[in-house]
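Nothing in this text is a laboratory measurement; each read-out follows from the coordinates by a stated rule. All values derive from a computational prediction rather than experimental measurement. Counting neighbours? That spans all protein chains shown, and the Cβs are built from the backbone with ideal geometry, glycine included.
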Amino acid sequence: MRKKIVAGNWKMNTTVPEGIELAKAVVERSASVPSDVKLIIAVPFTHLYPVAEVVKGSAVSLSAENCADREKGAYTGEVSAAMLASVNCEYTILGHSERRQYYGETDEKLVEKVKLALACGLKVILCVGENLAEREAGRHFEVCTAQIQNVLYQFTAEDMKNIVVAYEPVWAIGTGKTASSAQAEEIHACIRKVLADKFGAQVAEETSILYGGSCKPSNAKELFSQPDIDGGLIGGAALKADDFIAIAQSY
Ligand code: PGA
């Protein structure tokens with residue numbers, strides 16, 4: 001059975017002291033979440049080291065929000081996958097639409113990032129999703145399929161054990177507009193089929209596919225009830241421990 005996952009993506013929010021407080025609040029409330037739901041918090045690079053101490057021994061896993069596409073060396077301002085692993089970070093988000101949109105992240109770069117992350121023992125949450133123009137042009141299946149093929153088809157069935165996919169329609173991120181559960185489900189089912197075409201039905205069945213885009217306590221239950229939605233990648237609502245935990249309790 002694939003894992004149910006609720007992951008918080010803090011983005012560029014909170015100072016380090018605020019982040020430590022938020023992580024403590026999530027850890028304290030985590031006991032009220034069903035034990036088969038995995039909780040992850042993805043925090044800014046500066047927060048990883050102290051937050052790793054906060055989540056140590058708890059049910060909450062730590063994630064970064066990005067990593068470099070180079071192993072090491074003269075790449076000022078970058079943070080490598082090995083650095084993340086060295087602070088007991090377990091996951092990293094890669095390919096978030098904000099990285100694709102504002103920082104020129106391409107599928108080619110993502111292949112390098114995923115390779116390095118896996119080589120350092122990290123698990124990857126790979127984001128895909130169409131923007132509004134692509135959705136309005138009816139290209140959402142095509143866009144998500146291409147993003148999966150361009151990146152994940154470069155990896156093996158064994159690698160897929162350490163990869164989670166997040167479907168995040170760009171038009172729903174931070175906008176308050178959520179994809180309907182039917183809209184989300186049909187893309188999730190499509191992503192699972194695209195994975196099955198390359199890796200076989202069993203790998204596709206075992207890969208968790210999360211929904212992201214204005215997921216909140218009021219709509220999480222309906223989204224998570226869909227057969228191919230295995231949890232959520234939560235932005236805004238992850239900045240309040242009560243909302244984040246309420247989403248995880250929706251299962
Ligand atoms: P949101 O962000 O929940 O604020 O829409 C989701 C994400 O970008 O991961």
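Computed quantities for the displayed model
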item: Residue match in the range 52-71 (condition: of a type in the set (Ser, Thr, Tyr) and touching a helix residue (DSSP H, G or I) at 6+ places or on another chain (Cβ under 6 Å)); result: yes
item: Test: residue in the range 182-205 that is under 16 Å from residue 126 (Cα atoms), part of a loop (DSSP other than H, G, I, E, B) and either among the β-branched types (Val, Ile, Thr) or under 16 Å from the mean Cα position of the chain (by Cα) (or both); result: no
item: Residue match in the range 100-108 (condition: of a type in the set (Asp, Glu) and either in contact with a Gly (Cβ under 9 Å, 6 or more places away or on another chain) or touching a residue at least 60 places away in the same chain (Cβ under 8 Å) (or both)); result: yes
item: Inter-residue pairs, beta-carbon under 8 Å, first under 19 Å from residue 223 (Cβ atoms) and in contact (Cβ under 8 Å) with a residue 24 or more places away in the chain and in the range 188-211, second in a helix (DSSP H, G or I) and of a type in the set (Asp, Glu), 6+ apart; result: 192/205
item: From 148, 187, residue being hydrophobic (A, V, I, L, M, F, W, C) and within 16 Å of the ligand (Cβ to nearest atom); result: 187
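Here is a yes/no grid of residues against (1) farther than 21 Å from residue 6 by Cα; (2) within 18 Å of the chain's Cα centre (by Cα); (3) surrounded by 15 or more Cβ atoms within 10 Å (Cβ to Cβ):
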site: 81; (1), (2), (3): yes, yes, yes
site: 90; (1), (2), (3): no, yes, yes
site: 104; (1), (2), (3): yes, no, no
site: 117; (1), (2), (3): no, yes, yes
site: 131; (1), (2), (3): yes, yes, yes
site: 145; (1), (2), (3): yes, yes, yes
site: 163; (1), (2), (3): no, yes, yes
